[in-house]
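A quick write-up on the structure given underneath.
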Amino acid sequence: MEGMTTSATPTAATDAPQDAKRVLLAAPRGYCAGVDRAVVTVEKALELYGPPVYVRKEIVHNKHVVTTLEKRGAIFVEETDEVPEGATVVFSAHGVAPIVHEEAKALSLKTIDATCPLVTKVHREAVRFADDDFDILLIGHEGHEEVVGTSGEAPEHITLVEGPDDVANVEVRDPDKIVWLSQTTLSVDETMETVRRLRDKFPKLQDPPSDDICYATQNRQLAVKQMAKDCDLMIVVGSRNSSNSVRLVEVAIEHGSRDGHLVDYADEIDEAWLDGVRTVGVTSGASVPEILVRGVLDFLAERGYGEPQPVTAAEESLLFALPKELRRDLKAAGMSDQMKHDAGALGDAGQLH
């Protein structure tokens with residue numbers, strides 16, 4: 001891990017004239033460090049080994065990223081047994097259960113693990129608390145790849161809690177030995193409400209050693225909270241299977257935006273959404289390349305909306321090193337093993353970075 005992430009006092013954009021049509025642009029937005037690392041992992045693997053490179057599940061939950069990498073020679077599969085024996089496979093940013101590593105070994109696959117280090121942290125917490133015979137209450141969405149991976153670390157110790165309304169059904173073996181962990185991409189507010197209800201029911205409930213909801217999820221939600229009350233419409237760029245992107249729309253509505261929608265591309269924006277709308281907020285999920293945000297800003301500019309005014313909730317400069325197995329092979333081939341980092345500047349927008 002290189003660099004750091006620092007929170008800043010949220011700063012709102014300057015008010016425009018009363019009748020001006022304006023755009024508020026959230027910062028931070030788009031790629032988090034884990035997504036950036038995962039995407040570059042597939043790019044570097046294609047460059048080093050040549051296509052095809054297999055990827056188990058979507059490398060990140062973004063349609064544009066997946067289709068772009070497919071065109072470059074990545075082949076996305078749902079399960080490990082779809083990968084030919086002896087081939088190279090990348091595990092997605094969301095993490096995998098231990099059994100997946102065993103399946104890959106049985107097929108003599110060359111594996112590159114692009115699991116986000118912040119997801120790996122949750123896996124390690126699950127193993128540690130299971131070894132100490134705790135009941136682990138995992139807050140998350142059933143079926144989400146991250147939850148499946150974390151649960152697979154200690155299935156006999158983990159109970160999934162999907163949200164506040166699920167708490168009434170939770171049962172544990174020993175109310176004195178329980179801890180909560182969470183998926184990294186949840187709504188901060190809803191998760192805290194779930195924890196509050198769990199603690200009402202189980203007063204001895206322990207917290208994770210550090211926040212499981214990742215810095216990027218929290219920062220992107222914070223920016224949306226800061227700007228939502230000033231927005232008639234919030235446009236979140238992101239895919240429908242992206243948990244953190246879906247949460248941003250929910251947070252926008254909860255915090256005062258009159259309307260909110262999720263789009264993959266600018267051409268999905270319905271003109272009717274803009275009827276009577278003076279202020280549009282724009283942000284993007286943690287798996288979204290900046291070029292897609294630029295498309296939305298161009299769409300709005302063509303319809304008379306002014307220059308985007310930034311709303312800055314935090315400064316981010318976190319950078320994760322590439323997976324060690326890939327770094328080793330890149331060095332051996334005399335290729336750079338360094339991450340390139342794009343902080344979301346419009347001028348640097350490319351297909352994926």
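The values are calculated or read from the model by the stated rules, or taken from the named source; none is laboratory data. Because the structure is a prediction, the values reported are computed rather than measured. Cβ atoms come from the backbone with ideal geometry, glycine included; neighbour counts cover every protein chain shown.
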Residues of the stretch 274-286 that turn out to be of a type outside the set (Val, Ile, Thr) and either within 26 Å of the chain's Cα centre (by Cα) or closer than 28 Å to Thr184 by Cα (or both), as a count: 4
Residue ranges of strands (runs of 3 or more DSSP E) in the stretch 96-192 with at least 1 members farther than 24 Å from Arg37 by Cβ and of a type outside the set (Phe, Trp, Tyr): 135-139, 158-161, 178-182
Top-ranked residue in the stretch 180-193 [being buried (at least 24 other Cβ atoms within 10 Å of the Cβ) and β-branched (Val, Ile, Thr); ranked as farthest from the chain's Cα centre (by Cα)]: Thr184
All positions within the stretch 53-71 that are loosely packed, with under 15 Cβ neighbours inside 10 Å and either hydroxyl-bearing (Ser, Thr, Tyr) or in contact (Cβ under 8 Å) with a residue 24 or more places away in the chain (or both): Thr67
Conditions (1) within 30 Å of Asp113 (Cα to Cα); (2) in the same structural domain as Ala223 (by the TED database); number of the one not met by Asp298: (1)
Test: residue in the stretch 209-219 that is part of a helix (DSSP H, G or I), outside the structural domain of Val100 (by the TED database), touching a residue at least 12 places away in the same chain (Cβ under 8 Å) and more than 30 Å from Leu25 (Cα to Cα): no
Looking only at the stretch 226-238, and only at residues there that are touching a helix residue (DSSP H, G or I) at 6+ places or on another chain (Cβ under 9 Å) and closer than 11 Å to Thr283 by Cβ, the one that is surrounded by the fewest Cβ atoms within 10 Å (Cβ to Cβ): Ala228
Residues within the stretch 98-120 that are under 30 Å from Glu171 (Cα atoms) and surrounded by 18 or more Cβ atoms within 10 Å (Cβ to Cβ), tallied: 3
Unique residue being at negative phi, out of contact with any Cys (no Cβ under 7 Å at 6 or more places or on another chain) and modelled with pLDDT of 90 or more when the list is Lys57, Lys21: Lys21
